[in-house]
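Have a look at the structure below before the remarks.
The values are calculated or read from the model by the stated rules, or taken from the named source; none is laboratory data. In this text the structure is predicted, and so the values were computed from the model without any measurement. Methodologically, a virtual Cβ is constructed for each residue, glycine included, from the backbone with ideal geometry; neighbour enumeration extends over all protein chains shown.
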Amino acid sequence: MRSFLKQHWVHVTLNFSLDALIFFFAFFLATVGRYPDQITHKWVAYLPAVIFGSLFFPSVTYIFGLYAPNSVHRAVFKRALVLAINVALTMGLMCGLFYIKKSMGVARLVMIFAFPLAYFAVLFHHSVLLRVVSNYRERVAFIVTNTFDELEARLFENFGKQHLELVGLVHYEGFRPSGHMRVLGSVVDLSTLVKRNNIHRVLCSNKSIMDPAMCKGFCELRYSGIAVTPLISLFEEVHQMVPLELISPDWLLSASTGPHQLYITKIKRSFDIVASLLGLLFLGPLMLAGMAALKLTSRGPVFYKQTRCGRFGKLFQVIKLRSMSVDAEKDGAVWSKANDSRVTPLGKVLRKYRIDEIPQLLNVLRGEMSFVGPRPERPEFMDELAAEIPYFQERLMVQPGITGWAQVNYPYGASIEDARRKLEYDLYYTKNMGVFLDIFILLDTVRICLTGGVGETHKKSLFDTSFLKKSNVTNPLSVPMDLAPQTAMARQQVEIGLV
């Protein structure tokens, strides 16, 4: 359980798969009980419908947020109610499948036995999950080498209190912490301090990691089951985003080696083609309805084309259903904002439920966009944002997407500060992109579309890092703000040669 926070997506995938297997075997046992002499024949006939239900049920459970660590705040009764609604929804769809194609349908008596069995087994699984998550607490020690490290430790006051406990600071011999936090002792006694205080994780700065004298001690701790990580990694594990104030060159280098070229150039492209074709098939009628509504309610073209920046800054024309008045940008490019007066009444509906984004599936098929990735930015704003926000051009290293980790976690951006916050999610995605993360982002997108978008309350910072910027002490290993664009462009030149 020590790796619970570190393996966030592993645990999400594990619980998703476990619910799917519970659902699957509930139907298998019900089929065996109902048709013990015809199990092979009946099971082969039921298999397509059961596989559909086994995937649909945990997908909806994920959309409801029951696999997230913060779901511990939901009472057992609410969780049981949500699972009951999910079971009823899955049963309704499987019954509908029976009437549409009887050869794929599952016998009613099998369903009567299978669904209660699946429900109570899943409910037991979630009660265990709830107990484990609510009781989990990780004891952490922080190694400080200078005043900036001590300031970083203050971030614990604003995040992770539920599952993290900062036991105290461990200092280098040449530095004495002066704040209010408990001091455990010197770094030369690190192994002893870890055992004495029952520490589960040691956090350290970049300077500590690169210190040859500390390497042996860190290796001994890691092989003893004690995690040794920089603070920025803990932020990634707890909140799945990357604070810009804590990024350093070595983080950028490690992030750039995260996504494998095979996934970016082959697997992701295949995933995009399949997903966009299925999207056009199922969402095509909704897009046609939006086109018809636009024609009936306003004059002007149905589609709206706009120049955006693609991978490595290559420009392309993004296609959307028009949600603004025809003369919305007669005076030039303007930031889109909440309650924008340029948006038509129908456009508000199209935007709220992301219907205006459906035509971008054509951009995906043409290879200009990916299904999942950072939102493509307008070139008119790109230079301004890159000048104001460090590492902003790192977004250009991967294909832009219709949906993405930033889009499902943060509402429409209308300022430089919003762009900064969204970049923190985009950088997390570029480092951790993969098939499973893309699938979970698609499920989150379904939730966003059904609920009408991400609420403005999500703009509230998960933790306050403003004191790091306001303090006179700076991170000696961070890339200066004015060098960030050059760093990104250097990486771009390298990656162009690799692709």
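Filter region 24-34 down to residues that are in contact (Cβ under 8 Å) with a residue 40 or more places away in the chain and either aromatic (Phe, Trp, Tyr) or outside any helix (DSSP H, G or I) (or both), then give me how many there are. Walk me through it before giving the result.
To start, the set of residues in region 24-34 that are in contact (Cβ under 8 Å) with a residue 40 or more places away in the chain comprises 26-27, 29-31, 33-34.
Keeping just the survivors that are either aromatic (Phe, Trp, Tyr) or outside any helix (DSSP H, G or I) (or both) gives 27.
Qualifying residue count for the region: 1.
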Taking the condition of being over 15 Å from Lys422 (Cβ atoms) and either buried (at least 23 other Cβ atoms within 10 Å of the Cβ) or of a type outside the set (Lys, Arg) (or both), how many residues in region 356-380 meet it?
17
Can you run down the residue pairs with Cβ atoms below 7 Å, 6 or more apart or on separate chains, where the first is in region 55-66 and in the same structural domain as Ala88 (by TED's automatic domain parsing) and modelled with pLDDT under 95 and the partner is charged (D, E, K, R) and surrounded by fewer than 17 Cβ atoms within 10 Å (Cβ to Cβ)?
Ile63/Arg447
If you check Asp383 against the conditions, is it in a helix (DSSP H, G or I) and surrounded by fewer than 17 Cβ atoms within 10 Å (Cβ to Cβ)?
yes
Take the residues in region 44-67 that are touching a Ser or Thr at 6+ places or on another chain (Cβ under 8 Å), among the small types (Gly, Ala, Ser) and crowded, with 17+ Cβ neighbours inside 10 Å, then tell me which one is farthest from Arg79 (Cα to Cα).
Ala45
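Residues are listed down the side, and each one gets a yes or a no for (1) modelled with pLDDT of 85 or more; (2) in a helix (DSSP H, G or I); (3) closer than 25 Å to Ala289 by Cα:
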residue	(1), (2), (3)
Ala333	no, no, no
Lys337	no, no, no
Leu361	yes, yes, yes
Glu368	yes, no, no
Pro376	yes, no, no
Ala387	yes, yes, no
Glu394	yes, yes, no
Gln399	yes, no, no
Tyr412	no, no, yes
Within region 108-152, work out how many residues are assigned to a helix (DSSP H, G or I), within 25 Å of the chain's Cα centre (by Cα) and crowded, with 17+ Cβ neighbours inside 10 Å.
6
Does region 300-313 contain any residue that is under 30 Å from Glu165 (Cα atoms) and outside any helix (DSSP H, G or I)?
no
Within region 247-266, can you find the residues that are modelled with pLDDT of 70 or more and farther than 26 Å from Arg421 by Cα?
Tyr263, Lys266
Quick one: would you say Ile267 is over 17 Å from Leu362 (Cα atoms) and either touching a residue at least 40 places away in the same chain (Cβ under 8 Å) or in contact with a Lys or Arg (Cβ under 6 Å, 6 or more places away or on another chain) (or both)?
yes
Between residues in region 12-23 that are farther than 18 Å from Ala114 by Cα and residues that are surrounded by 18 or more Cβ atoms within 10 Å (Cβ to Cβ), which pairs lie under 7 Å by C-beta distance while being six or more apart or on different chains?
Val12/Tyr67; Val12/Phe440; Asn15/Tyr67; Asn15/Leu129; Phe16/Pro58; Phe16/Tyr62; Phe16/Tyr67
Report yes if some residue within region 92-107 is in a helix (DSSP H, G or I) and modelled with pLDDT of 90 or more; otherwise report no.
no
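Does at least one position in region 422-437 carry a residue that is without any contact (Cβ under 8 Å) to a residue 40 or more places away in the chain and at negative phi?
No, region 422-437 has no match at all.
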Looking at (1) at pLDDT 80 or above; (2) of a type in the set (A, V, I, L, M); (3) surrounded by 18 or more Cβ atoms within 10 Å (Cβ to Cβ), find the lone condition where Ala292 falls short.
(3)
